[in-house]
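The values are calculated or read from the model by the stated rules, or taken from the named source; none is laboratory data. Every value quoted in this text rests on a predicted model; they were computed, and no experiment measured them. Reconstructed Cβ throughout: ideal geometry from the backbone, glycine too, with neighbour counts over all protein chains shown. The accessibility values were calculated without ligands, DNA or RNA, using every heavy atom of the protein model including side chains. Shrake-Rupley method; radii C 1.70, N 1.55, O 1.52, S 1.80 Å.
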Amino acid sequence: MRYERARKALIFWTVFVGLGAVAGAACMLIDPTGGIMGMDAMLPYFQKLPFADKVFQDFRFSGWALLIVNGLTNLTAAGLLLARKRAGAVCGGVFGVTLMMWICIQFYMFPLNFMSTAYFIFGLAQAATGWAAVVFERQERFDDGAKDCAHIGENPRRLVVYFSRMGYVRRQALLEADRTGAQLYEIRSTERTEGTLGFWWCGRYGMHRWDMPIEPIGVDLTAYDHVTICAPIWVFALSAPVRAFCRQAKGRIREADYILVHHTRGRYENAADEMDALLGLRRTGFRSIRCVTGRYSGQ
């Protein structure tokens, strides 16, 4: 489960940053002169900031700010992640951005230094891990709604064909089959398409516009009056398994329409035209549906 791996990585970042901030804040509050951490020579740099004559004559204000902004917040996020709360991933990512903003203030105050640069990179990694955790959690929580489709297979003259890596295209295929009573057929690739490695492997096929090897077509396509093909878009073009299916199905489908699912705002008529050319027919229609982590639009 990709979310579980991202959750554990985010726990590491929130605990690491949170405990570091608490330790730094404690040293500032115990010795406001900064001598305990060797920071007393850095105090003049704080005079660049607003209200320096009021709050930056020692490290008391900085200690409390560090504790609140980066310490307690990150430890709270770690607690939420350990409790498996959805808010934990969101908070962990947001607090990574907060850390980067904190370091940007240091970039303004201090000369370029290793410590500030390192913590800016830590914040970037934390924010990226939080974003990934949010996306992975939504993907793994996605429900294709199969249990609500009661009319699939009632019409033996219609067929819905689909390929789906994450379940988003499958959802649209199920809805179409339920609406028309069509039977369902899933295109299955013989290559790895699941998970993060599968994502990058599919991207390689998509970038080069290659056919991806698929299992032999296990249905008599000539037995159907109409076929609906549901396909994802990969790298702004037709996905590789569906391209292979269309090439193999040429001359065996009488009439077809298409449902294309993607995550951008494009319409992708180029993919529909390619399917026409591969199948040797003219489509009766097609729908372009945008899907962002399971949320559809453009239907």
### Task
Using only Cα atoms, tell me the angle between helix 168-180 and the longest principal axis of the chain; keep it within 0 to 90° and round to the nearest 10.
40 degrees
### Message
Can you give me the angle between helix 73-82 and the longest principal axis of the chain, using Cα atoms only, in degrees from 0 to 90, rounded to the nearest 10?
### Response
40 degrees
### Query
Over the Cα atoms of segment 234-278, Rg to Rh with Kirkwood Rh, two decimal places?
0.96
### Task
Could you tell me which of I253, L81, F136 has its Cα farthest along the dipole of the chain towards the positive end, charges placed at Cβ (Lys, Arg +1; Asp, Glu -1), taken about the Cα centre?
I253
### Task
Please find, in a Gaussian network model of the chain (springs between Cα atoms separated by less than 10 Å), the residue of I68, I36, I103 whose mean-square fluctuation is greatest.
I36
### Query
Remind me, relative contact order of the chain in percent, using alpha carbon pairs under 8 angstrom and six or more residues apart?
13 percent
### Query
Sorted by accessible area with a 1.4 angstrom probe, largest first, how do C291, C91 fall?
C91, C291
### Query
Expressed as a rounded percentage, what relative contact order does segment 114-229 have, with Cα pairs under 8 Å and six or more residues apart?
25 percent
### Message
Run through segment 46-130 and list the chymotrypsin sites (Phe, Trp or Tyr not before Pro) located in a DSSP loop whose Cβ has at most 12 other Cβ atoms within 10 Å.
### Response
F51
### Task
Have a look at segment 91-173 and give its Rg and Dmax from the Cα atoms, expressed in angstrom.
23.0, 73
### Message
Checking the a/c ratio against 1.5 first, then a/b against b/c, what shape does the Cα gyration tensor give for the chain?
### Response
prolate
### Task
Kindly work out what percent of the DSSP beta bridges joining two residues of segment 109-228 are antiparallel, to the nearest 5.
10 percent
### Query
Within segment 199-299, which GluC sites (Glu not before Pro) sit in a loop by DSSP and count at most 15 neighbouring Cβ atoms inside 10 Å?
E255
### Task
Would you list, by chain and number, the aspartates and glutamates whose Cα falls below 17 Å from the Cα of K250, excluding same-chain residues fewer than 8 positions away?
D211, E215, D220, D225, D273, E274, D276
#### Entry: Expected 222 nm ellipticity per residue - DSSP helices of 4 or more, -39500 (n - 2.57), all of the chain, to 500
-16500 deg cm²/dmol
### Query
How many percent of the accessible area of the chain is carbon or sulfur, using a 1.4 Å probe?
62 percent
### Message
To test your reading of the geometry: what angle, between 0 and 90 degrees and rounded to tens, separates the Cα axis of helix 86-109 from the longest principal axis of the chain?
### Response
50 degrees
### Query
What is the gain in length, in nm to one decimal, between A118 and V292 on full extension, counting 0.36 nm per residue of separation less the C-alpha to C-alpha distance?
59.4 nm
